[in-house]
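So the structure is just underneath, and the comments pick up after that.
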Amino acid sequence: MDLFEYQGKQYFARFDIPVSRGGVATTVDEAVKVADASGYPVVVKAQVQVGGRGKAGGIKLANNAEEARLHANNILGMDIKGHVVKCVWVENASDIDEEYYASFTLDRGAKKHLLMLSAQGGIEIEVVAEKDPDAIIKLHIDPVDGLSPGAAHKAAVDAKIPAKAVDGVAKILVQLYRCFTEGDCDLAEINPLILKPTGEVHALDAKVSLDDNAAFRHPEWDEYRATEELDAREQLARTHGLQYIGLDGTVGIIANGAGLAMSTLDVVNQVGGTAANFLDIGGGANADVMAAALEVINFDEKVTSIFINIFGGITRGEEVAKGIVEALSRVTLKAPIVIRLDGTNAEEGRKILADAGIPESTLISKPTMLEAARAAVAISNGK
Amino acid sequence: MAIFVNKETKVIVQGLTGGQGKYHGLRNQAYGTQVVGGVTPGKGGTDIAGIPVFNSVAQAVAATGADASFIAVPPKAAPAAILEAAAAGIRFIVCITEGIPAQDEAKVFNTLVRDYPKTRLLGPNCPGIISPGKCNIGITAGEIAELPQAGKKNVGIVSRSGTLTYQALYELKQRGIGVSTCVGIGGDPVPGTNFIDCLREFQNDPETDAIIMIGEIGGSAEEEAAEFIKAHVTKPMSAYIAGVTAPAGKKMGHAGAIVSGGKGTAQGKMDALSAAGVKVGNNPTEAGDLMAEIIAALG
């Protein structure tokens, strides 16, 4: 789950990482109130999960309440690359002497934590990596040992952070590492990490991505979940606990297992179709799950055919078949189903479907993944 | 021969008294796997269908001589279960648990490397391993795996995805091609066993004549495998990579299946494998067809 900047800053604050005084606002009046409380000048920042908001006019400096009102009014509701701004973060503006970069991620190849640190911040790290790769230091950290204050200090020196800022940067690195590990982040990034004229080091931005697998030990994440940017289809899928990702095509996809679901998208594409979604009903899915999956697919107005691709392992064919029969009794599907059923108890499943007396205009069974994909795409394309 | 597990492998099931552990543990036993015990703290002294249950892995190992463990416990308990098995001297651990936090996985992996270098972990979030006719640990339906055939050419399978592992087994069965061992390494960011570990074993396994590899988007494991193949694998290979059409920045079901910053794309992985001499199919069926051609050419 990716956090908005303001949520990232609130998350940082939990780990004592210094951030600017400020608050979040969804209306112009609220924004002015927060600006008054933060102390002028303030920066009004659009909260969207997309890069380039500064260029799009989504970040503005305000010297007084009047300007704050003007900017908040312009920015709220603004469309930035297809993302509508629903709230702004208003914070006390910082004087900046220098800008650095710091992040922690998991290096999957090395199977260790990775610190990336650079004395060149404020621009995208990919740009720095391309122009001046030596300006970024990469330090692998064994997750069993963690990051010691001494190692953080050395990293700051190695990254050529100026002497006056080294202590401050090292301190924040240790705090950010704690946020990354104890906070169960996939990514914890500060860009820019700034040095103020007063000598303080401070996080001016926050990019945090949380590991969904760790949600069970973070009840505080619930509030972030409420603001996640999901479309209506994804919202509905979530209420059913389904692994669903909305796409733009016309063939609704239901498969068991992430790999098979991805592969189903690929095959549909190869035979000239487009997938409306990714939907993995997971291992051991029963009739209820299948019925819920069909309900979500049916909700998508673009869908003109449905491809159910099941290879039973834990998932059993007869459960899948029962789910389809039950779903058909509950909802009127707007598009026909093409099903390919193999693996555990597939025979029983196929028999249940055959005995249910479902007309061929509603459900067609095909023996292989490729044939089923071709049939689903042909229907979807109106052939 | 087979890799990692065979007829002699003695398996305990951590979580045998739970729903998943019981269902799959008994299925594994019915397949012919030596399931010698179960472990559930507090339930020592009981049994599941005659399989004795112990309070700890150490007790189970002492009583049964088990050398492998099948872990089917919830994500919260799995990291400790893995380390307990390693500490008790278990040589081969299969963990099917899905949903373990990445931070825990990274810690467990590095602890194993440091403190228990002789223990191999397969998974987490994997379907397990099957050496057809000899041993099946995990959730694979044994009947879809074609037995290896003496005097004929047999194939080793290694895959990141569960259902695509079954699909690969199925594609080979349709063509009557025997399987030496099929390993599902799992779709998480820090798998205990990676492609290279399996490729090395298959290369050294006299029963394996060719190899199918099934990868997916995210990370760089396939690219690293391609480098290894170029340098060390002389047996012919076919491959398939899932996720050609996956949008960037979205986790496609598996925690590890994500294209980020233009890295980890299916196309990049397919190109790397092709350059290493692997025949790459555009879907699982094509990978099966390519393997059939390879087997025919081997004679």
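Annotations
- So A:Gln10, is it without any contact (Cβ under 8 Å) to a residue 12 or more places away in the chain, within 30 Å of A:Lys171 (Cβ to Cβ), under 21 Å from the mean Cα position of the chain (by Cα) and buried (at least 16 other Cβ atoms within 10 Å of the Cβ): yes
- Within segment B:85-113, the residues that satisfy the criterion of being at the interface with chain A (Cβ under 10 Å from one of its Cβ atoms) and assigned to a loop (DSSP other than H, G, I, E, B) are B:Ile96, B:Glu98, B:Gly99, B:Ile100, B:Pro101.
- Check on B:Ile157, buried (at least 24 other Cβ atoms within 10 Å of the Cβ), away from chain A (no Cβ under 14 Å) and farther than 22 Å from A:Asp280 by Cα: no
- Answer residue from segment B:63-84, given it is assigned to a helix (DSSP H, G or I) and touching a Phe, Trp or Tyr at 6+ places or on another chain (Cβ under 9 Å) and is surrounded by the fewest Cβ atoms within 10 Å (Cβ to Cβ) among those: B:Ala63
- Test: residue in segment A:276-291 that is touching a residue at least 60 places away in the same chain (Cβ under 8 Å), of a type in the set (S, T, N, Q) and within 28 Å of A:Glu360 (Cβ to Cβ): no
- Scanning segment A:61-76 turns up no residue that is under 26 Å from the mean Cα position of the chain (by Cα), surrounded by fewer than 16 Cβ atoms within 10 Å (Cβ to Cβ) and not acidic (Asp, Glu).
- Entry remark, segment B:224-268: residues being part of a loop (DSSP other than H, G, I, E, B), surrounded by fewer than 20 Cβ atoms within 10 Å (Cβ to Cβ) and polar (S, T, N, Q) number 2 in total.
- Applying a threshold of 7 Å to beta carbon distances and a minimum spacing of six or more residues, or different chains, the list of pairs starting in segment A:355-383 at a residue that is within 14 Å of chain B (Cβ to nearest Cβ) and ending at one that is aromatic (Phe, Trp, Tyr) and crowded, with 16+ Cβ neighbours inside 10 Å reads A:Ala372/A:Phe307; A:Ala373/A:Phe307.
- In this structure, B:Ala242 does satisfy being in contact with a strand residue (DSSP E or B) (Cβ under 8 Å, 6 or more places away or on another chain), facing chain A (nearest Cβ under 7 Å) and of a type outside the set (Lys, Arg).
- Test result for B:Gly253, at the interface with chain A (Cβ under 10 Å from one of its Cβ atoms), touching a helix residue (DSSP H, G or I) at 6+ places or on another chain (Cβ under 9 Å) and modelled with pLDDT of 95 or more: no
- Summed over segment B:114-138, the residues that are more than 8 Å from chain A (Cβ to nearest Cβ) and outside any strand (DSSP E or B) give a count of 12.
The values are calculated or read from the model by the stated rules, or taken from the named source; none is laboratory data. Values in this document were obtained by computation on a predicted structure and should not be read as measured data. All Cβ positions, glycine included, derive from the backbone under ideal geometry; neighbour counts span all protein chains shown.
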